[in-house]
Amino acid sequence: MDNGLASFLPLIILFAIFYFLIIRPQQKTQKAHAAMLEGLTKGDKIITSGGIIAVIVKPEEEFIKIKINNEVIVKLDKAFVAKKVELGENA
């Protein structure tokens with residue numbers, strides 16, 4: 001009985017290391033990104049995953065309308081918002 005547990009111990013330790021170094025940080029990042037997407041409001045400046053800097057005109061359920069310049073307004077899937085530009089950042 002003790003020998004069987006000892007043979008699985010390295011596998012359990014390896015899984016624990018894998019969980020704390022890879023899976024858990026990735027889950028935290030996904031939760032933070034989801035919270036950022038939920039908190040987007042009109043007037044927020046964002047950067048899309050394609051690198052386009054835009055201002056939100058109208059947030060909707062699954063999409064957001066963004067203004068790229070004074071004339072161009074496009075509809076963007078929320079999944080393609082990379083990050084929100086904070087006031088201190090130069091973008």
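Between a residue in the stretch 73-87 that is assigned by TED's automatic domain parsing to the domain that holds F63 and any residue that is surrounded by 12 or more Cβ atoms within 10 Å (Cβ to Cβ) and of a type in the set (K, R), which pairs come within a Cβ distance under 6 Å, given they are 6 or more apart or on different chains?
Note: pairs meeting the criteria are I73/K65; I73/K67; K75/K65; V85/K45.
Say whether the condition of being at pLDDT below 95, of a type in the set (A, V, I, L, M) and surrounded by 14 or more Cβ atoms within 10 Å (Cβ to Cβ) is met by at least one residue in the stretch 21-31.
Within the stretch 21-31 (the criterion being at pLDDT below 95, of a type in the set (A, V, I, L, M) and surrounded by 14 or more Cβ atoms within 10 Å (Cβ to Cβ)), the answer is no, since none of the residues qualifies.
Step by step: first the residues of the stretch 51-87, then only those that are under 20 Å from H33 (Cβ atoms) and in a loop (DSSP other than H, G, I, E, B), then the one that is modelled with the lowest pLDDT. Which residue is that?
Step by step, filter the stretch 51-87, then rank; the result is L87.
Can you go through T41, T29, T48 and tell me which one is within 23 Å of A82 (Cα to Cα) and touching a helix residue (DSSP H, G or I) at 6+ places or on another chain (Cβ under 7 Å)? Steps first, please.
Working: T41 fails: touching a helix residue (DSSP H, G or I) at 6+ places or on another chain (Cβ under 7 Å); T29 fails: touching a helix residue (DSSP H, G or I) at 6+ places or on another chain (Cβ under 7 Å).
Exactly one residue qualifies, and that residue is T48.
Out of all the residues in the stretch 1-34, which are over 18 Å from D77 (Cβ atoms), within 11 Å of the chain's Cα centre (by Cα) and of a type in the set (A, V, I, L, M, F, W, C)?
Restricting attention to the stretch 1-34, the residues satisfying the condition of being over 18 Å from D77 (Cβ atoms) are 1-29, 31-32.
Subset that is within 11 Å of the chain's Cα centre (by Cα): 26-29, 31-32.
The answer is A32, and nothing else.
The values are calculated or read from the model by the stated rules, or taken from the named source; none is laboratory data. Remember, it's a predicted structure, so these values are computed and weren't measured experimentally. Note that we place each Cβ from the backbone using ideal geometry, even for glycine, and neighbour counts take in every protein chain shown.
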